[in-house]
Amino acid sequence: TMLSQVVEMVAASQRSRAPIQKLADSVAGLFVPAVIAIAILAFIGWAVWGPSPAFAYALVSAVAVLIIACPCALGLAVPMSIMVGIGRAATNGLLIRNSEVLQVASTLDIVVLDKTGTLTMGEPEVNTIDGLNAQGLSIVLGLEQQSAHPVAKSIVSVCLGRHITPAEVSSITEYPGGGVVAEFLGDELVLGSLSFLKQRRISGVPEVERIGTVVALAVGSAYVGHFVLRDKVREGARETIQSLLALGVTPVMLTGDRSAIAEVVAEQVGITEIHAEVSPEKKLALIQAFQAAGHKVAMAGDGINDAAALSVADVGFAMGLGSDVALESADVTLRNNSLQGIEEIIR
């Protein structure tokens, strides 16, 4: 079951060895025989030159050396700390895959955050409908009702809320990252971003203020209307950013979205450094550039396009409702989807 997998992951993490534990084990490998040797020398010294009863004094002295040096404490302290730390994290909804996280996280000085689904909820809501009447909404519903994309789900929800009946469109062809093309009563339908409509040589495409995601409809090569959708900032995101700054950690936004949208979200949460319109490859390159400059970098994300950056970061944080590949690539899973978990891990 999913629960048993989570339990096994936590148990495996508690069994893993942090670099500092390997150092402690190495020291213990020399320390233990040295303490035993000193205890033997103490026994011999008191037995030969000590007062009467010599054997009793020698035995007490040898045992005293063993108790005071206490090599067991050195061997137990680190694994005990790791088990307690990972266990406490798990009860707070923070699933740590590797105990090294507990050692590395305290040295982080940059936290890179994806925007959609990380700083924001990843559930855009329709903010504006312009130029689309009941028939236009019917066509849009017919095009979007089978899509699992968050934008499509939001549009479908609005249409159904207005009791719109979906039009029977045909020959639907999807263009990932652009939109969809279909047919309705002999006319070609185009639904997608403004740039996608322009690529399809649609006439009358307006310039819309791009402070949200714009989805436009064209019928028969002519623009009809559009939706503007905006994503909500995740609850507690601003407070987490302020806490990170107080800890001396610099938050950086890294997103594939447009600069205008990224700047609005960044202002809401208090981030000043923004890298917008970046591909997954550029996300990876930026993480590596920060590391090459001597920084310890964490990455927080939720999507497939974040997976490479999550895996190369010193500590990767994946949102609990993110894609499977992101969850597998990260070191820590934020099961409750709260960014506060990043601050908790660092502390």
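The values are calculated or read from the model by the stated rules, or taken from the named source; none is laboratory data. What you see is a predicted model, and the numbers here were worked out from it, not measured in a lab. Every residue, glycine as well, gets a Cβ built from its backbone with ideal geometry; the counts of neighbours run over all protein chains shown. Quick note on the areas: whole protein, heavy atoms, side chains included, nothing else; ligands and nucleic acids left out. Shrake-Rupley method; radii C 1.70, N 1.55, O 1.52, S 1.80 Å.
Highest average first, the peptides 110-121, 39-50 ordered by how many other beta carbon atoms sit within 10 Å of their residues are 110-121, 39-50.
For Rg and Dmax of the Cα atoms in Å, one of (i) 29.8, 114; (ii) 26.9, 110; (iii) 21.0, 68 was computed from the structure I shared and the rest are decoys. Which label? Correct label, based on the coordinates given: (i).
Against the chain, whose longest principal axis comes from its Cα atoms, helix 19-49 is set at around 10 degrees.
In the full protein context, region 182-269 carries 47 Å² of accessible surface per residue, based on a 1.4 Å probe and ignoring ligands, DNA and RNA. The A77 and A292 beta-carbon pair, evaluated with R₀ = 35 Å, returns a calculated FRET efficiency of approximately 0.50. Considering only V269, V219, S243, the residue lying farthest towards the positive end of the dipole of region 171-306 is S243, judged by Cα position with unit charges set on Cβ. What region 80-156 shows is 43 Å² of accessible area per residue, with the surface traced by a 1.4 Å probe over protein heavy atoms. In this simple spin-label approximation, S221 and L160 carry label points 7 Å from Cα along the Cα→Cβ vector, and these lie 3.6 nm apart. Helix 54-69 and the longest principal axis of the Cα set of the chain meet at an angle near 10°.
Ordering 56-64, 239-247, 305-313 by mean Cβ neighbour count within 10 Å, with the highest value first, yields 305-313, 239-247, 56-64.
Using +1 at the Cβ of each Lys and Arg and -1 at the Cβ of each Asp and Glu in the chain, identify which of F317, F31, V205 lies farthest towards the dipole's positive end. Result: F31, furthest along the dipole toward the positive end.
By the helix-only formula, in which each DSSP H run with n ≥ 4 contributes -39500 (n - 2.57) and the sum is divided by residues, the chain has a 222 nm mean residue ellipticity of -15000 deg cm²/dmol.
Overall, the accessible surface of region 66-219 at a probe of 1.4 angstrom is composed of carbon and sulfur to the extent of 53 percent.
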